[in-house]
Amino acid sequence: MDLSQLNTGLLAVLPEILLLALGFVVIGADLVIGANHKRALGGFTTLGMLVVLIVIGVQSAPLVAGAQAQPALGNMVVGDLTTQLFRGMFVIAGALTCLISMDFKSLKQAGEYYGLVTFAVLGMCLMAAASDIIMLYVALETTSISLYLLAGYLRGVPLSSEAGMKYFLFGAFTSTILLYGLSLLYGFTGQTEYGALVDALRSQVASLGPDSVLPTVVVVILILVGFGFKVAAVPFHMWTPDVYEGAPTPITAFISVASKAAGFAVLLRVFLTVFAPLQDQWVTLISILAVLTMTLGNLLAIPQRNIKRLLAYSSIAQAGYVLIGVASVTSGANAVFGPASALFYLGVYMLTNIAAFVVVVVVTNETGTENLYEMAGLSKRSFWLALGMMLAMLSLGGVPPLAGFFAKFYVFQAAVGSGLVWLAIVGVLNAILGLYYYLIVIRVIFVDPSQGELTAVRMPLTLRTGLFVTTAGILILGVLVTPWYNLVTQAAMTLVGGS
């Protein structure tokens with residue numbers, strides 16, 4: 001078979017087909033194996049996702065070489081390089097989540113848990129691949145329903161039940177608003193496919209002039225509300241701290257990176273293609289959201305004493321930095337830098353945040369609490385664990401030469417290049433503010449005296465592997481930054497070219 005045909009027809013959704021099969025196999029296996037062997041389901045799911053990752057890599061090879069992906073399944077999906085990069089992020093995040101879940105003490109090992117993680121990854125992959133608003137909404141709901149169940153998975157734990165309910169209620173409300181916006185978009189254009197939508201909007205703006213902009217901006221705002229919930233942008237962030245605190249810690253890690261990346265996957269494709277004719281209007285909106293999200297997230301993270309709530313507000317602030325990349329859209333040769341910086345940032349953030357949550361899982365297993373100050377003296381109990389947390393915090397804070405520094409550098413550079421110098425300045429000030437509470441975490445781990453007896457931390461192989469993979473990724477991306485950035489730049493060209 002010609003490699004260029006790997007992204008056409010049913011082969012275009014081969015990763016999703018494999019994920020669907022994996023989910024059903026895991027749930028089916030749960031019915032026949034004994035209770036003492038159900039932990040192995042996590043390992044099987046992890047291996048299955050690695051197989052899917054290899055398939056994604058094979059599909060990506062001709063795209064990296066310059067082949068053009070064509071829409072498939074009646075123009076419902078497209079398997080371009082941007083899609084493949086996001087698929088890779090989701091599958092890696094899912095595999096790491098399953099891996100670190102195997103030794104999380106509070107979690108009952110069961111096939112439906114790993115099946116739900118797999119179905120959530122499936123929905124996210126379809127969100128990234130969608131080129132039609134019907135497929136987009138179906139994929140979004142597939143992802144959301146799986147995550148609602150996972151957030152409330154710890155039956156008998158009030159905080160987990162509360163997290164699942166809040167996530168569901170906020171998600172259902174914003175999903176309704178998003179659906180209303182998509183319905184109005186269809187009503188204005190009579191189209192559902194992205195390419196046809198942008199042609200219809202461009203024609204309306206050209207023929208009707210300013211009179212056609214106002215009602216369409218209302219549609220943009222409604223759709224932005226739905227996506228703003230997924231990426232935890234202010235003021236649609238209210239669910240984040242409670243859900244992060246109450247959900248099982250591996251799921252908190254998964255939601256913080258994969259769900260956010262899925263939201264940005266759709267946000268980038270829809271706004272850079274469908275709403276390209278309205279760029280002047282939505283760039284202003286997203287710039288304002290970026291400022292609010294960065295600032296409020298950082299300010300509210302400072303007083304937090306629960307490490308998961310601190311990372312929740314950190315996650316909100318990180319979304320603000322990615323929004324800078326989304327807003328940094330220009331015309332001409334520089335048009336690619338904004339979306340490329342956002343793609344780069346999301347990849348780095350995925351590894352960094354999961355590394356931090358691996359440490360939280362280990363500490364929670366040992367202490368039974370998520371209080372930040374229970375981590376005091378961690379460097380004396382496990383130097384490598386403390387080192388991993390330090391690398392994660394410094395990368396989130398944007399300290400060179402770690403990958404997080406280059407992620408922030410590229411989004412700020414994109415903002416300056418697009419004329420949003422004021423936004424870059426606000427971003428730099430927020431990065432300095434954010435570094436303050438990341439240094440507090442490091443101080444607690446390395447400087448503060450332990451409150452109890454110092455005993456060695458038990459760290460199972462699964463958690464050691466998860467921490468090693470993520471911290472190694474932080475270091476490698478910091479050293480080999482150019483190849484990764486060149487790859488995301490090539491992917492971003494498909495988004496800008498679609499506009």
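Of the residues L63, L19, L53, which single one is of a type outside the set (D, E, K, R) and over 30 Å from P460 (Cβ atoms)?
One residue alone meets the criteria, L63.
Looking at this structure, is A424 closer than 30 Å to V322 by Cα, modelled with pLDDT of 90 or more, small (G, A, S) and surrounded by 23 or more Cβ atoms within 10 Å (Cβ to Cβ)?
no
If you take the residues of region 338-373 that are part of a helix (DSSP H, G or I), farther than 30 Å from V416 by Cβ and of a type in the set (S, T, N, Q), which of them is modelled with the lowest pLDDT?
The extreme case among them is T367.
Given the criterion under 19 Å from Y345 (Cα atoms), in contact (Cβ under 8 Å) with a residue 60 or more places away in the chain and either aromatic (F, W, Y) or touching a helix residue (DSSP H, G or I) at 6+ places or on another chain (Cβ under 8 Å) (or both), identify the matching residue among L463, L435, L396, L467.
Criteria check complete, one pass: L396.
Among the residues of region 105-164, which ones are more than 22 Å from A29 (Cα to Cα) and touching an Asp or Glu at 6+ places or on another chain (Cβ under 7 Å)?
Residues satisfying the conditions are C125, L126, S131, D132, L159, E162, A163.
To keep it simple, each residue is scored yes or no on (1) modelled with pLDDT of 85 or more; (2) more than 26 Å from the chain's Cα centre (by Cα); (3) in a helix (DSSP H, G or I).
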site	(1), (2), (3)
P210	no, yes, yes
L222	yes, no, yes
V225	yes, no, yes
M238	yes, no, no
A253	yes, no, yes
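Can you name the condition, by its number, that T293 falls short on among (1) touching a His at 6+ places or on another chain (Cβ under 9 Å); (2) more than 30 Å from A355 (Cα to Cα); (3) not acidic (D, E)?
Here T293 meets the rest and fails (2).
When you look at G466, is it buried (at least 22 other Cβ atoms within 10 Å of the Cβ) and either more than 26 Å from the chain's Cα centre (by Cα) or within 23 Å of V257 (Cα to Cα) (or both), yes or no? Before the answer, list the steps.
Values: buried (at least 22 other Cβ atoms within 10 Å of the Cβ): yes; either more than 26 Å from the chain's Cα centre (by Cα) or within 23 Å of V257 (Cα to Cα) (or both): yes.
Considered against the rule, which asks whether it is buried (at least 22 other Cβ atoms within 10 Å of the Cβ) and either more than 26 Å from the chain's Cα centre (by Cα) or within 23 Å of V257 (Cα to Cα) (or both), G466 comes out as yes.
Taking interchain pairs and intrachain pairs at least six residues apart, which have beta carbon atoms under 8 angstrom, with the first residue in region 13-28 and without any contact (Cβ under 8 Å) to a residue 40 or more places away in the chain and the second part of a helix (DSSP H, G or I) and among the small types (G, A, S)?
Taking only residues 6 or more apart or on different chains, the pairs are L18/G48; V25/G48.
The values are calculated or read from the model by the stated rules, or taken from the named source; none is laboratory data. Please read these numbers as outputs of a predicted model, since none were measured by experiment. Backbone-built Cβ (ideal geometry, glycine too); neighbour counts: all protein chains shown.
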